[in-house]
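Q: Quick one: the structure is below, questions incoming.
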Amino acid sequence: MEDLKILQKQEALERLTILQKQYGLMETVLKEFKENNTIYYSEYINQNIQGILYWVGNKDKYTEIVEKFEKKNNALVYHIISTPVIYSGTLLSMLYVSENQEEWKKT
């Protein structure tokens, strides 16, 4: 089990590196996840301000959702995208590494 968590973290770091290099994700997100497992979430605001970063740990509800999801699915969440949905609340898209290593194949 511990070996899987190490492999999941390595895979998550690779994916965060891709997001940083190809899409301009702030270096801090990768650095803090690598050093102390800090998960950020990007919050979509509007077309003029397309994203703001926050720590997941600042929102108890998000922390609880991540913990439940990881436990239930034996997964590792490394980033969340929070999108407001008119009349419905908020859509959370969790970027995660599953326990199924065959799903990690690079294309």
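Q: Which residue pairs have Cβ atoms closer than 8 Å, lie 6 or more positions apart in sequence or on different chains, and pair a first residue in region 1-28 that is of a type in the set (S, T, N, Q) with a second residue that is surrounded by fewer than 13 Cβ atoms within 10 Å (Cβ to Cβ)?
A: Gln20/Glu27
Q: Let me ask something else about it. How about region 70-88: which of its residues are surrounded by 17 or more Cβ atoms within 10 Å (Cβ to Cβ) and either in a strand (DSSP E or B) or on the phi > 0 side of the Ramachandran plot (or both)?
A: Within region 70-88, Leu76, Val77, Tyr78, His79, Ile80, Ser82 meet the criteria.
Q: Yes or no: Leu91 surrounded by 13 or more Cβ atoms within 10 Å (Cβ to Cβ), over 27 Å from Glu2 (Cα atoms) and without any contact (Cβ under 8 Å) to a residue 60 or more places away in the chain? Reasoning before the result, please.
A: Values: surrounded by 13 or more Cβ atoms within 10 Å (Cβ to Cβ): no; over 27 Å from Glu2 (Cα atoms): yes; without any contact (Cβ under 8 Å) to a residue 60 or more places away in the chain: yes.
The answer is no for Leu91.
Q: Check Ser42 against each of (1) assigned to a helix (DSSP H, G or I); (2) in contact (Cβ under 8 Å) with a residue 24 or more places away in the chain; (3) among the small types (Gly, Ala, Ser) and name the one condition it does not meet.
A: Condition not satisfied by Ser42: (1).
Q: Taking the residues in region 35-69 that are aliphatic (A, V, I, L, M) and loosely packed, with under 14 Cβ neighbours inside 10 Å as candidates, determine which candidate is modelled with the lowest pLDDT. Walk me through it before giving the result.
A: Initially, region 35-69 is screened for residues aliphatic (A, V, I, L, M), giving 39, 45, 49, 52-53, 56, 65-66.
Next, only the ones that are loosely packed, with under 14 Cβ neighbours inside 10 Å stay: 45, 49, 52-53.
Values: Ile45: 70, Ile49: 64, Ile52: 78, Leu53: 81.
It comes out as Ile49.
Q: Further question on the same structure: Scan region 97-105 and give yes if some residue there is at pLDDT below 95, closer than 24 Å to Gln10 by Cβ and basic (Lys, Arg), otherwise no.
A: Checking region 97-105: at least one residue is at pLDDT below 95, closer than 24 Å to Gln10 by Cβ and basic (Lys, Arg).
Q: Something else now. Let me confirm something: among Tyr41, Tyr54, which residue is among the hydroxyl-bearing types (Ser, Thr, Tyr) and in contact with a helix residue (DSSP H, G or I) (Cβ under 7 Å, 6 or more places away or on another chain)? So that I can check it myself, show each step before the final result.
A: Details: Tyr54 fails: in contact with a helix residue (DSSP H, G or I) (Cβ under 7 Å, 6 or more places away or on another chain).
Being among the hydroxyl-bearing types (Ser, Thr, Tyr) and in contact with a helix residue (DSSP H, G or I) (Cβ under 7 Å, 6 or more places away or on another chain) holds for just one of Tyr41, Tyr54, which is Tyr41.
The values are calculated or read from the model by the stated rules, or taken from the named source; none is laboratory data. All of these numbers come straight from a predicted model, not from anything done at the bench. Positions of Cβ are backbone-derived with ideal geometry, glycine not excepted, and every protein chain shown enters the neighbour counts.
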